[in-house]
Amino acid sequence: MSYPEFRLNMKYILDECASTNLEARDAKYTHGDAIIAIRQTEGRGQRGTKWDSRPGENLTFSLVLEPVFLPAAQQFMLSEAVALSVADTLSAYGVDTRIKWPNDIYAGDRKICGILLEHDLLDGRISRTIAGIGLNVNQTVFPEWVPNPTSMMLETGNTFDIHDVFEMFCEMFCARYSSLAEGGLERIEEDFRSLLYRLDTPARFSIPGRGEVAGTIRAVEPSGRLMVEIGGEMHGFLFKEIEYIL
Ligand code: BTN
C-alpha cells in the first residue's frame, strides 16, 4: 500500500490573517497546502497563549496534512516529525537546537520556535492535521512577556530570507514525513530522543497540585508521555501535567 508523501502543494502567502492555524481550517485547503502569514493579528500558542511575532521578520505558517496512515494513538509521532524537521532546518543554517518536550525548539536555554498541532480524528485515525509553526528568524527585540526568546539572527549574527528558510523546512519535512508514512517510526523516535532537551540531566519541574519537584527526564514514550525519574521512581506525564522550571 502506498501512502501520500508530503509534497508542498499550494503555497498561500497572506499579508495578514488572524492566525494561520485558524485560516487553515477552511475546507478549501487540502493535503500539502501551506499558509504563510506576513502578519498574524491573533497568533496562537500552546495552552491558550498568544504567539507574538514582528510582521515580516519571522516565519509564521501552517501546513495542512492528511496523515490518514497514522492511528490516532500515534499522533505524537507526527509532532516528533515536525519538531525534527525544524531542528534539521536550523542545523542546515548552523543553529544547534534541542527539542523541549513536547515540541518547543530551543537554542541553548532559549526558545527559537514554537509548534502548535491540531488534529481532526475520524474512526480512530487522523483525518487532518494543521501544523502551525512560528520560527523566529530575524527578530532581535521581543516583548518583555515573551519567555526566553531567541532567533536565528540572534544565534548567528546573520539575517535570513524567510522564504528561503521556508523552502528549506519543506525539504526537511518531506524527508521526515515520508519516513513516517513508510513506517520508519524507530528512526524518528531515536532522533527525537537524541535531541531531547535536558535528557538525563537533573532539573526542576512544576507539577500542578504537587508543586516543585526535582527530577530527571529519562524517556518519551511513543504515546508522547514524558517519563521522569523522581525520588528513584519513574513517573509518566502527559502534556500540561508537568512544566519545566528554567
Ligand atoms: C507555542 O506556544 O509554542 C506554539 C506557537 C505556535 C505559533 C504558530 S505561528 C503559525 C501558527 N499560527 C498560529 O496562530 N500559531 C502557530
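The values are calculated or read from the model by the stated rules, or taken from the named source; none is laboratory data. Not measured: the values here are computed from a predicted model. With ideal geometry, Cβ positions are generated from the backbone for all residues, glycine too; neighbour counts draw on all protein chains shown.
Checking the structure you have, find out if any residue of segment 31-52 is more than 12 Å from the ligand (Cβ to nearest atom) and among the aromatic types (Phe, Trp, Tyr). Step through it out loud before you land on a result.
Initial filter on segment 31-52 (more than 12 Å from the ligand (Cβ to nearest atom)): 31-33.
Pick out the ones that are also among the aromatic types (Phe, Trp, Tyr) and you get none.
Checking segment 31-52: not a single residue is more than 12 Å from the ligand (Cβ to nearest atom) and among the aromatic types (Phe, Trp, Tyr).
Residues to consider are GLU66, GLU80; find the one that is of a type in the set (Asp, Glu) and in contact with a Leu (Cβ under 9 Å, 6 or more places away or on another chain). First the steps, then the outcome.
Working: GLU66 fails: in contact with a Leu (Cβ under 9 Å, 6 or more places away or on another chain).
Result of the check over GLU66, GLU80: GLU80.
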*Please name all residue pairs, on different chains or six or more residues apart, with Cβ atoms under 6 Å, provided the first residue is in segment 1-23 and is farther than 14 Å from ARG39 by Cα and the second residue is at pLDDT 95 or above and of a type in the set (D, E, K, R).*
ASN9/ASP33; MET10/ASP33
_I'm trying to understand the selection: among the residues of segment 1-30, which are touching a Ser or Thr at 6+ places or on another chain (Cβ under 6 Å) and away from the ligand (no atom under 14 Å from the Cβ)?_
GLU5
_Residue list for segment 50-78, filter: polar (S, T, N, Q) and touching a helix residue (DSSP H, G or I) at 6+ places or on another chain (Cβ under 9 Å)_ = ASN58, THR60, SER62, GLN74
*Considering every residue within segment 69-92, establish whether at least one is more than 15 Å from the chain's Cα centre (by Cα), within 16 Å of the ligand (Cβ to nearest atom) and not in a loop (DSSP other than H, G, I, E, B).*
no
*Find all pairs meeting these conditions: Cβ atoms under 9 angstrom apart; at least six residues apart or on different chains; first residue within segment 192-217 and touching a residue at least 24 places away in the same chain (Cβ under 8 Å); second residue charged (D, E, K, R) and assigned to a helix (DSSP H, G or I).*
PHE192/GLU80
*Give me the pairs, please: first residue somewhere in segment 159-183 and surrounded by fewer than 19 Cβ atoms within 10 Å (Cβ to Cβ), second residue anywhere and among the acidic types (Asp, Glu) and not in a helix (DSSP H, G or I), beta-carbon distance under 6 Å, and either six or more positions apart or on two chains.*
SER178/GLU5
*Considering each of GLU189, GLU167 in turn, give the residue that is under 16 Å from ILE36 (Cβ atoms) and not hydrophobic (A, V, I, L, M, F, W, C).*
GLU167
